[in-house]
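S.K.: Below is one structure. I have some questions about it.
Nothing in this text is a laboratory measurement; each read-out follows from the coordinates by a stated rule. Everything numeric here is computed off the predicted structure, so don't read it as measured data. No Cβ is skipped: glycine too gets one built from the backbone with ideal geometry, and neighbour counts run over all protein chains shown.
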């Protein structure tokens, strides 16, 4: 005997048998009583059953109850099985219930139609009891598996969304904590932008999209120095120029993100103004992407209402007045109107913002995670690298250079040469032309040096006009000397004081690893000693440190040096300190030329005589006074009345030949050399000379 309880149909016309104590529930819909009884006999004891004799009754039942499966006859009064199926699929509450059609009709087209409507199976009468039971089990199991998978997918989607938000939260917090705004700036701008988009009538998917665009609009600030972006007072022009780069950085960081439409444009253009006076492209009006125009207003709202370390937030009436004032100028009028409506409605932009479910969570999570990884691996390295570089010239700082050189030389097989350099008479440039020109000179100096080194070499600014180049790799002394000559020649050719024709030279002290030390500190100190020796002995040349002689070995570049002396003597502004130096001989020469050359049309020849040993270095004089005295005598007996000579340093002499042609200057120079060798015949000292012609100042101008 089948146990059942009597259920009254909502229309009062149907008795339904509902079998108890069975795990799964099945609704059977058939208008033939014998068919219902037959199916009940087959399924008794295994399922909890409910019986309906029409589609209307079945739909009414399902509005009040749930079921695990529907056995549905196709041929029913008023509404056939296919019509019922369509109604079930349209309703979210019933769309996932598995349906098995039962029919006497073996028409394949009907079977296909039923399956296309979403039926789980199609059973034709008469059917075997075991077959229908198995097929019902299979349909229920399949539906249960589908629900589990959908639940897992839903959970996974939620996890992906959480992953995306977590990744973005880390990114925007890193940006906001750099200090330009109080914490949470990016989130507040994102919420405000989302509300504006809603007010403008955007669909929820696009509203959610602009939320993410605005969330990342300031991501480029990750590449701006903390000192600049967190400065509480007004930025200098140079600092503002640095800040103006953040849209470029942001656009570059976000250029490969596809799950957030227009995100790179939001970063690039959010500082453009409606009147075309923004940065960096000066776009005007509707040339500016709408997402950027919205972010511009949202950003301004948070800037006015958020507290700063240097001022309090602005009251809401002032905010509204500023927006009205900026309509058509800084802001898109339509966007401002939407913002003002939101303010009047009292929208709280600090509350949670609802994000649409209709977003590509998987892609968003993947790209957000990838973006975070990129920033951590690449752009935080940029920040670290920037912190290790001189902000003016881009050269490495001393700490970085010391660490890298010591690490490199830790491998005993490695070697290199350290050049210590500074510009000659740089203080005079700052004093006369100002520090702005001085800074430009430092940048030019660094750029020239960068052009002369390999990617593996290290350029460092120690401070002021002092720079270091560490050339990696062991090299012959001759090759190192050639590098020094290349630096001297390039600097002499390219380093010119802005808006003048005044050239500036460089002095170089050189230490070589192994010979002069195996760590940065030792090489630095020895190169510094070599540089000091250069500065005390004429400048404009390079010098190798030599421990044997307890002083540097000097290699002179007489051509470069005489050009330096010639340019020095031509300077009209010497009295103002451009090339003011400590050599009294230079001062005497200048005073003489100042009284004569500037008032005449005379042609002046400048001779530079240099004493060297047979290898081209500065002689190690045992009888220094005697050699110098003989050199001075050789010069003095060879000059005419009116010519001038002076000692440049302990191994060099300057001769000024007034009213002399190049040819006559060569004759005088040869006469001086011959007189020297006639007075000094030991053969271990060589007297070199170089000649340059100087024009008078009127011709120069």
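S.K.: How many times 2.2 N^0.38 Å is the alpha carbon radius of gyration of the stretch 391-555?
M.R.: Here the Cα radius of gyration is 0.99 times the empirical estimate.
S.K.: May I ask you to order 192-205, 275-288, 483-496 by the average number of other C-beta atoms within 10 Å around their residues, highest value first?
M.R.: Highest-to-lowest ranking by the protection proxy: 192-205, 483-496, 275-288.
S.K.: Could you tell me the ratio Rg/Rh of the stretch 5-127? Both radii from Cα atoms, Rh via Kirkwood.
M.R.: Numbers: Rg = 13.5 Å, Rh = 14.5 Å.
Taking Rh as the inverse mean 1/r over Cα pairs, Rg/Rh reads 0.93.
S.K.: Could you work out how much longer the chain between residue 659 and residue 92 gets when fully extended? Use 0.36 nm per residue separation minus the Cα distance between them, nm to one decimal.
M.R.: Additional length available on full extension: 193.4 nm.
S.K.: Could I ask something else about it? If you take every DSSP beta bridge whose two residues both sit in the stretch 5-127, what share of them, in percent to the nearest 5, is antiparallel?
M.R.: Numbers: 4 of 21 bridges.
Bridges in the stretch 5-127 are about 20 percent antiparallel.
S.K.: Can you give me the distance in nm between label points at residue 239 and residue 688, each placed 7 Å from the Cα along the Cα-to-Cβ direction?
M.R.: 5.1
S.K.: Give me the number: length gained by fully extending residue 678 to residue 32, i.e. 0.36 nm times residue separation minus the C-alpha to C-alpha distance, one decimal in nm. Please report the intermediate quantities before stating the final value.
M.R.: Details: separation 646, 0.36 × 646 = 232.56 nm, distance 14.20 nm.
Answer, rounded to one decimal: 218.4 nm.
S.K.: Taking neighbour counts of Cβ atoms within 10 Å as a proxy for exposure, in what order, fewest first, do 369, 401 appear?
M.R.: 369, 401
S.K.: What length, rounded to one decimal in nm, is gained on full extension from residue 107 through to residue 133, with 0.36 nm per residue of separation minus their alpha-carbon distance?
M.R.: 7.1 nm
S.K.: Please report the Cα spread of the stretch 258-343 along all three principal axes, rounded to whole Å, starting with the longest.
M.R.: 37, 26, 24
S.K.: Moving to a separate point now. Which residues does the label zone of residue 518 cover in the stretch 405-432, counting backbone N under 15 Å from a point 7 Å along Cα→Cβ?
M.R.: Under cut-off, by backbone N: 406-416.
S.K.: Could you give the distance between the Cα centres of the stretch 629-645 and the stretch 263-303, to the whole Å?
M.R.: The distance from the Cα centre of the stretch 629-645 to that of the stretch 263-303 comes to 74 Å.
S.K.: Simple spin-label model, 7 Å along Cα-to-Cβ: residue 399 to residue 670 in nm?
M.R.: It is 6.2 nm.
S.K.: Also, quick follow-up: With each pseudo-label sitting 7 Å past Cα toward Cβ, what's the residue 479-residue 431 distance in nm, one decimal?
M.R.: 4.3
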